[in-house]
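**Q** For reference, the structure I am asking about is given below.
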Amino acid sequence: MTHLSPSELSMLIVEPSETQRRIIIKRLQQEGIISIESAANIAEAKTVIARHKPDLIASAMYFEDGTATEFLSYLRANSEYKDIQFMLVSSECRREQLEIFRQSGVVAILPKPFNAEHLGKALNATIDLLSHDELDLSHFDVHDVRVLVVDDSRMARNVIKRTIGNLGIKQITEAEDGAQAIELMRNNMFDLIITDYNMPSVDGLALTQFIRSESQQSHVPILMVSSEANDAHLSNVSQAGVNALCDKPFEPKLVKQLLYQLLEE
């Protein structure tokens with residue numbers, strides 16, 4: 001097991017307001033973060049990370065030279081930066097503006113102003129993503145657990161793979177939507193399904209219904225990862241036979257607890 005402490009994390013704060021940068025840096029220092037760099041815009045941030053790649057970036061939403069959405073896309077498209085964790089710090093509350101961040105696998109979305117609890121959860125999630133802490137299962141060798149990850153977002157699949165990979169799971173198959181997952185399940189056996197809710201063609205609800213009523217693997221545990229906030233939709237998913245629900249962005253610690261529960265039942 002390799003587990004980091006907050007003092008070992010390196011962070012980059014990307015925030016146009018000097019006052020806000022000072023506030024965020026002070027909060028981070030109170031949490032034990034020592035290595036902190038800052039940038040006022042995206043161009044400065046790119047210069048900083050080219051010189052020294054941080055573990056975590058905390059970024060505002062809007063800048064004079066672009067948006068956090070564009071900055072995140074730049075990071076995800078660059079193979080050298082794919083392991084940098086990203087946290088949005090924004091007063092933006094419109095769901096459609098935040099959805100791209102939920103789907104892209106950010107470690108947290110913090111409001112402005114945020115409190116110590118918000119920040120603590122985000123830092124713990126980052127540490128969990130960067131650490132390696134294998135599941136100790138009584139019924140399985142964790143290396144033999146076969147997991148099917150279903151999500152139409154490649155970035156979201158990568159985050160899920162990295163999270164469960166850090167828990168010791170090595171046999172991971174990917175599907176881009178429920179239809180592809182169904183085809184894979186016709187010819188392959190799995191010990192666990194991790195699926196998104198919102199997907200084109202066959203969504204998470206339809207996939208769950210197929211697994212429970214038509215599949216030869218009707219008893220396989222299903223963990224649904226979703227940014228869906230509609231209570232009626234989530235109730236339908238639960239009734240369809242999902243074993244556990246997890247929010248986007250999700251906390252690796254919670255994922256570990258859920259996987260342990262699902263695989264030890």
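The values are calculated or read from the model by the stated rules, or taken from the named source; none is laboratory data. As the structure is a computational prediction, the values presented were derived from the model and not from experiment. Note that each Cβ is placed from the backbone with ideal geometry, even for glycine, and that neighbours are counted across all protein chains shown. The protein model used for the area step is the full one, side chains on, heavy atoms only, and it has no ligands, DNA or RNA in it. Shrake-Rupley method; radii C 1.70, N 1.55, O 1.52, S 1.80 Å.
**Q** Given the conditions (1) within 30 Å of Gln30 (Cα to Cα); (2) touching a residue at least 12 places away in the same chain (Cβ under 8 Å), and given that His118 satisfies all but one, which numbered condition is not satisfied?
**A** Condition (2) is where His118 drops out.
**Q** For Val89, indicate whether it is crowded, with 21+ Cβ neighbours inside 10 Å, outside the structural domain of Asn198 (by the TED database) and assigned to a loop (DSSP other than H, G, I, E, B).
**A** no
**Q** Inspect the stretch 191-203 for any residue being surrounded by fewer than 17 Cβ atoms within 10 Å (Cβ to Cβ), of a type outside the set (Phe, Trp, Tyr) and under 30 Å from Tyr81 (Cα atoms) and give the result as yes or no.
**A** Within the stretch 191-203, one or more residues are surrounded by fewer than 17 Cβ atoms within 10 Å (Cβ to Cβ), of a type outside the set (Phe, Trp, Tyr) and under 30 Å from Tyr81 (Cα atoms).
**Q** Go through the stretch 1-82 and tell me which strands (runs of 3 or more DSSP E), entirely inside it, have 3 or more residues that are closer than 20 Å to Leu129 by Cβ and in contact with a helix residue (DSSP H, G or I) (Cβ under 6 Å, 6 or more places away or on another chain).
**A** The qualifying strands (runs of 3 or more DSSP E) are 10-14.
Per-residue answers, yes or no, for (1) more than 21 Å from Pro111 (Cα to Cα); (2) within 21 Å of the chain's Cα centre (by Cα):
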residue: Thr19; (1), (2): no, no
residue: Asn41; (1), (2): no, no
residue: Glu44; (1), (2): yes, no
residue: Thr47; (1), (2): yes, no
residue: Ser59; (1), (2): no, yes
residue: Tyr62; (1), (2): no, no
residue: Asp65; (1), (2): yes, no
residue: Leu75; (1), (2): yes, yes
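**Q** Does the stretch 150-169 include one or more residues that are open to solvent by less than 50 Å² (accessible area, probe 1.4 Å), at pLDDT 90 or above and not in a loop (DSSP other than H, G, I, E, B)?
**A** Taking every residue of the stretch 150-169 in turn, at least one turns out to be open to solvent by less than 50 Å² (accessible area, probe 1.4 Å), at pLDDT 90 or above and not in a loop (DSSP other than H, G, I, E, B).
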